[in-house]
Each structure stands twice: as structure tokens, then as C-alpha cells.
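Step one of this worksheet: look at the structure below.
The values are calculated or read from the model by the stated rules, or taken from the named source; none is laboratory data. Remember, predicted model here, so these are calculated numbers, not experimental data. Cβ sites come from the backbone with ideal geometry, for glycine too, and all protein chains shown count toward neighbours. These area figures cover heavy atoms from the full protein model, side chains too; ligands, DNA and RNA do not enter into them. Shrake-Rupley method; radii C 1.70, N 1.55, O 1.52, S 1.80 Å.
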Amino acid sequence: MLNRYPLWKYLMVVFIIAICALYALPNIYGEDPAVQITGARGASVQMSTLDTVTDALKKEHIPYKSAALENGSILVRFKDTDTQITARDVINNALDKNSVVALNLAPSTPTWLQDIGASPMKLGLDLRGGVHFLMEVDMGAAMDKLVGQEQESFRSELREKRLRYRSIKTIDDHKIEIVLRNEDQANEALGLLTSKHRDMTFKTEESNGRYSLIASFTENRLQEIRNYAVEQNITILRNRVNELGVAEPLVQRQGASRIVVELPGVQDTARAKEILGATATLEFREVDTSVDISAAAAGRIPPGTEVKKDRQGRPVVLKKRVILGGSSITDASSSADEYGRPQVNISLDSEGGSKMSAFSQKNIGKLMATVFAEYKDSGRKTPDGKVILSKHEEVINQATIQSALGRNFRITGIDSPAEAHNLALLLRAGALIAPISIVEERTIGPSMGQQNIDMGVQACIWGLVAVMLFTLLYYRKFGLIADIALIANLIMIVGVMSLIPGATMTLPGIAGIVLTVGMAVDANVLIFERIREEIRDGRNPQQAIHQGYANAFSTIADANITTLITAIILFAVGTGAIKGFAVTLSIGILTSMFTAIVGTRCIVNLLYGGKRIKKLSI
């Protein structure tokens, strides 16, 4: 029989549309203005913190809808943004520096939907408002730093083998020239350095009795250096963004050497620039255990020492002499020791390794402290409006030196794997790997974001209404079927966008949906016109429906696949707004093909399949 589907096909279509509708449902409930409280550097907050927050709000007579402790963070919901901002300031004053207070928009999704993982679409910066920065990494400075480290390595290795050299210097294109005394030494140095530096190429040169080695990085190593500089700076910027109290920041790579930073809800561009560009340093120093803690707290310490505090606020007496700084750290990672206890593995450059080896050999059994220092917003400004930064120092770790240390060593005595992971991040993020400069900045107000949403939704609704009216008037009952498919298509787009992790709805994304609404009916137009042609050619209604869908399929597939390829290319090479447009366009093409070909065919088969029909309402 023509125009009949098996039962499983009908059930499949109903199931897919129902699932998409279910996951699109949270977008109806909207979001509540909220304040989110988390522990500094990823630590969990306690129930006592929740009590402090609610007591502070009640004391200031600030109403709130709810306050809950979930997954190690506190979320307090409010009725409007004015109350939210006032509450943020009150909570900030009530809590200590170990808590990060952030403005947030919390979904009002019912619990039963949250239990199945349903949540509303994430909104981009152009819809929510905030600050956008485009930063560029100075690759030249990153290369200069690495070349300097390699020169120190060459010096140390040649001295160990007692190979005398005249000079080691940088020449063009970040190459290193090592001038030696004679040809034998040049050949011996070539064999030594080639075996130790597999990621570099070496060649000997001789000119007027002057023997030298020219060292240069391989292409793979150069690409690795560029990627490392960008990725490490991204990690550092993410750590600094946390200090701004932004709940859902975006820090991602763009192209070869640029980084995009988007801070939803932040309107103070000057403050954001100061924080993102602020410097942080790291120091290893010896702990003076001979001083009584109570005497240190009272300020009675011997000359050459000073008191710093750890993260719990306890005083630690340190010798002023710095063993080495964070610039000597080339890598840090967290792992477990042979007993399963957390540890942090440290790698130093050659100069730092020499300093650490010399110090540790003389101080086995003594405590060494890791001091982290950074510049933070003091909350004050100069008369000309510039943000004043204040220096903050704290002891993040104290470890006993158990044996002589070299370029690679480990820090133990850490409470948990999470603590080890955070410490490794701090060690790696002690200072920017390469300088960054802001090449573009934009500020978008929240009112403009809401205006963008309203205008985009209106455009989508009016476009949908116009298309539905046209199809209904021109194709009658078949037009009504196409209208049902259009509504299903829109629901499916929203549902899929809500389902995809990390997918963000932007203003160009709304434009992609509006465009898809017009494109979705195009497939039905092709099918319906082909059915009309078959009827004019004398075929009966059942044959006309069958041939109309069968003959139009190849044309619809060709047109949509070529558009889909274009959308994929846009997503692959585009950035920012272009990616948002490409995502919704791609999803819209796929859903429109499903609803226009399979969805409408199901309805048509249900209405006309297996029946004797003399005339079609088309």
C-alpha cells in the first residue's frame, strides 16, 4: 500500500519531538538574579558560610527567594537585579577573602527537569551583557625567554664536560651561536648537545679559524612553544578572572596568538583590565623554625626574617633571602606518590636547578616554603580614576627537604588531590609566560542584551507567523501540516541547543534560527509543488503524494547538504559571532530536513494513507 509507515516510524518521530520539547521546556521558566559564593581556588564552602550569608542579609533587611548549599557552593536567589547587586556588596563585606562572591543568573527550572539534566540555553555576551576583550600574546617575548633558558642550559652542560667556549649568544631568527676554541671542541660539543637537545638542530660553521655551532629549534618545537605560550596564558587568565567574581566567564583561544576573554555581568572595564594584566610572582624561601610563633605574632623576630601568613591565616617566619623565583619553574603537575598520597612535581630551568641543588644539599631536614604573591584590586582609585592594586602574599605550602634537589623535585605533605591540583595550577600560573596586550575591548550593557533578546524573539515570531500564514493560505490543509512541522522544527532547535554542552545562544544565533524558519518551509514548498505537478499529469492522489515526496527528496537533500557544508566551514574557520550563527544554522538545517521530510510525511500518511481519495486540499 502506498503512503503507509510502519508503527515504529510514527513512534520514532513522536519520541524525538517529545524529547526535544522536554529539554526545550526549561527555557520557558527563565532565570533568577542570584549571588553565587564559592571557595577561593576551587575550595568548598561550609554550612557555617551559608548561615553567615543569610544572617547578613536578614540584618540588612534584604529579601531573598532562596539560599542553598549545593555541590560545594552557595546560591542565593533574588527577585530583581537591584536587590541582587545590593546583596552582593553586603555578602562581600560579611565574608573573608577565602570566598569568591559572583553575580549569576540561576535557572528557575523545576527540580524534576533538573533531575533529568534539562537546563535552559546559555546566553552569549551580546544577550547577557558584560565586557569583551581580545588579547594578543607577544610570541617574540616568549621565544626570547626560551632562548635565554636554552643558553643557560648550554653553558651548564659545556662546563660539566669542561669544554671551553668563547661565547654563547643569540643571533637572527632566535638561533643560538656557540663559539668554541678549535675544531675538535666544536665536534665534541656537537655530539654532546645533539644528544641532550633532541628538539633542536645543530650545525658547525668555520670562518677564518673561528669555529662555532649554530643551534636552532625544529619546526615542531617552534609550534609547541607557540601553543604552550598561548595555553599557559589562558590558564593564568582564567585564574585571574576568578578574582573578578564572574560566574560564567569565557576564556578561549582565537587563532594562533590571540585570546578572547568575555566577562558576563562585568561593566567596569578599567577594573577588568587591571586584574587581567596584573603580575603575579612565586618564591621559594627557607622557613625559620627557631622563632616561637607567639613571638612572631607579636613582631619579635630576628634580623633577616619576616612574617607571612598561610591560607589559614597562621603566621610563618621566613628568611628574607629568596632561594629562587617562579620564573625558574618550567612545569608543574600533580600526581600521587608510591603510597598514593598527593604530590606536586616541579621542573626548573638549568639556572634554577643549580640554585636549588646548592641550597638543598646544605639544608636537608629543614622546611622550605612556597610564597605566592599577586596584585589585586584594592577597591580604591586614584583621582584620575585608575584602579589601585595592592600586593597580597601568602604561604601556599611548607615542605621538608628530604634529600638534595635538582631540576626536578616534588612537594609532598599535601592534604588532598584537589589541593595538589590547585597548587600545581598556582605554580604554573605564577607569571604570564609572555606579555599580552589588549587589541580590542567592548562593553555591552545588560539592558542592551535584553533589548537584543526581545528584538530577536520578535523577529523570529513575526517571521514564523508570516511563513505560516502564507503556507496556510496557499496550500490549505497541506499548508497546515507544514505549519505544524515549522513549530516542531523550532522546538527541536531550542531543545537541541539546550542539550548540547557548551552551546551558547548569541544574537547571530537568533538570526540563524530566523533564517532556518524560512528555509524549513522551502522543502515543503518543493514537495507540495511536485505533488501538484503529479496531479496535473493525471496521477491519482495516492500516487501524487508518493511521487511528490520521492522526486523532491534529491533536490531537498542537495540544497540542504550544500548549505550544511557552508555552515560547517563557517564554524571551523570562524570565531565568536560567526560560530554562533553557524551552530544554529547547522542544527536548523538538520531539524528542518527531519520535520519537512519525515515529520510531514507521517502526518500526511496518517490522514491519507490507505484511503480512497478523490481530491487533495493542496
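Taken over segment 122-140, the criterion of being of a type in the set (A, V, I, L, M, F, W, C) and part of a strand (DSSP E or B) is satisfied by Leu123, Val131, Phe133, Leu134, Met135, Val137. Among the residues of segment 439-472, those identified as open to solvent by less than 70 Å² (accessible area, probe 1.4 Å) and at pLDDT below 75 are Ile444, Gly445, Gly449, Asn452. Every test in (1) over 34 Å from the mean Cα position of the chain (by Cα); (2) under 30 Å from Gly124 (Cβ atoms); (3) open to solvent by 60 Å² or more (accessible area, probe 1.4 Å); (4) not small (Gly, Ala, Ser) is passed by Phe571 save one, and that test is (1). For first residues located in segment 435-463 and more than 18 Å from Val131 (Cα to Cα) and of a type outside the set (A, V, I, L, M), partners that are modelled with pLDDT under 75 and open to solvent by less than 70 Å² (accessible area, probe 1.4 Å) and lie 6+ apart or on another chain with Cβ distances below 7 Å form the pairs Pro435/Ala141. Could you tell me which of the residues Gly479, Gly538 is part of a loop (DSSP other than H, G, I, E, B) and not hydrophobic (A, V, I, L, M, F, W, C)? Selected residue: Gly538, the only one of Gly479, Gly538 that is part of a loop (DSSP other than H, G, I, E, B) and not hydrophobic (A, V, I, L, M, F, W, C). The residues listed here are Ile346, Ile323, Ile329; of these, the one that is in contact (Cβ under 8 Å) with a residue 40 or more places away in the chain, open to solvent by 20 Å² or more (accessible area, probe 1.4 Å) and aliphatic (A, V, I, L, M) is Ile329. If you check Ile37, Ile91, which single one turns out to be farther than 27 Å from Asp454 by Cβ and under 25 Å from the mean Cα position of the chain (by Cα)? When all the criteria are applied, what remains is Ile37. Can you work out which of the residues in segment 118-152 that are out of contact with any Leu (no Cβ under 9 Å at 6 or more places or on another chain), hydrophobic (A, V, I, L, M, F, W, C) and modelled with pLDDT of 75 or more is farthest from Cys20 (Cα to Cα)? In this case the residue turns out to be Val147.
Scanning segment 65-87 for residues that are at pLDDT below 85 and of a type in the set (S, T, N, Q), we see that the one that is most open to solvent (accessible area, probe 1.4 Å) is Asn71. Is one or more of the residues making up segment 410-424 over 25 Å from Val137 (Cα atoms), loosely packed, with under 13 Cβ neighbours inside 10 Å and modelled with pLDDT of 65 or more? So far as segment 410-424 goes, yes, one or more of its residues are over 25 Å from Val137 (Cα atoms), loosely packed, with under 13 Cβ neighbours inside 10 Å and modelled with pLDDT of 65 or more. Restricting to segment 574-607, give me the number of residues that are farther than 29 Å from Tyr5 by Cα, open to solvent by 20 Å² or more (accessible area, probe 1.4 Å) and of a type in the set (Val, Ile, Thr). Qualifying residue count for the region: 3. If you go through segment 28-84 and keep only what is closer than 21 Å to Leu127 by Cβ and assigned to a strand (DSSP E or B), you end up with Glu31, Asp32, Pro33, Ala34, Val35, Gln36, Arg77.
Do we find that Ser334 is open to solvent by 10 Å² or more (accessible area, probe 1.4 Å) and in a strand (DSSP E or B) in this structure? Considered against the rule, which asks whether it is open to solvent by 10 Å² or more (accessible area, probe 1.4 Å) and in a strand (DSSP E or B), Ser334 comes out as yes. Close Cβ contacts (under 8 Å, 6 or more residues apart or on different chains) running from residues in segment 530-545 that are over 12 Å from Lys614 (Cα atoms) to residues that are open to solvent by 70 Å² or more (accessible area, probe 1.4 Å) and in a helix (DSSP H, G or I) comprise Glu534/Gln543.
Here's the yes/no breakdown for (1) over 41 Å from the mean Cα position of the chain (by Cα); (2) modelled with pLDDT under 85; (3) surrounded by fewer than 20 Cβ atoms within 10 Å (Cβ to Cβ):
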| site | (1), (2), (3) |
| --- | --- |
| Met505 | no, yes, no |
| Ile510 | no, yes, no |
| Leu515 | no, yes, yes |
| Ala523 | no, no, no |
| Glu529 | yes, no, yes |
| Gln547 | yes, no, yes |
| Ala552 | yes, no, no |
| Asp558 | no, no, yes |
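Within segment 111-127, the residues that satisfy the criterion of being open to solvent by less than 40 Å² (accessible area, probe 1.4 Å) and either more than 30 Å from the chain's Cα centre (by Cα) or closer than 26 Å to Gln252 by Cβ (or both) are Ala118, Pro120, Met121, Gly124, Leu125, Asp126, Leu127.
Within segment 350-369, the set of residues being farther than 10 Å from Ile323 by Cβ and either in a helix (DSSP H, G or I) or open to solvent by less than 70 Å² (accessible area, probe 1.4 Å) (or both) comprises Ser350, Glu351, Gly353, Ser354, Ser357, Gln361, Lys362, Gly365, Leu367. Is segment 491-502 home to any residue that is under 20 Å from Ile16 (Cβ atoms), touching a Lys or Arg at 6+ places or on another chain (Cβ under 8 Å) and assigned to a loop (DSSP other than H, G, I, E, B)? Scanning segment 491-502, I find no residue that is under 20 Å from Ile16 (Cβ atoms), touching a Lys or Arg at 6+ places or on another chain (Cβ under 8 Å) and assigned to a loop (DSSP other than H, G, I, E, B), so the answer is no.
Residue-level analysis places Val90 outside the set of residues that are buried (at least 20 other Cβ atoms within 10 Å of the Cβ) and either of a type in the set (Val, Ile, Thr) or closer than 26 Å to Val457 by Cβ (or both). Would it be correct to say that Ser99 is polar (S, T, N, Q) and open to solvent by less than 50 Å² (accessible area, probe 1.4 Å)? Taking the combined requirement at face value, the residue satisfies it. For Arg612, the conditions (1) in a helix (DSSP H, G or I); (2) over 30 Å from His132 (Cβ atoms); (3) open to solvent by 40 Å² or more (accessible area, probe 1.4 Å) all hold with the exception of (1).
Listed by position, the strands (runs of 3 or more DSSP E) contained in segment 141-240 that have at least 1 residues being over 26 Å from Ala256 (Cα atoms), of a type outside the set (Val, Ile, Thr) and open to solvent by 40 Å² or more (accessible area, probe 1.4 Å) are 165-171, 200-207, 210-217. Among the conditions (1) open to solvent by 40 Å² or more (accessible area, probe 1.4 Å); (2) modelled with pLDDT of 85 or more, Ala297 misses just one, which is (2).
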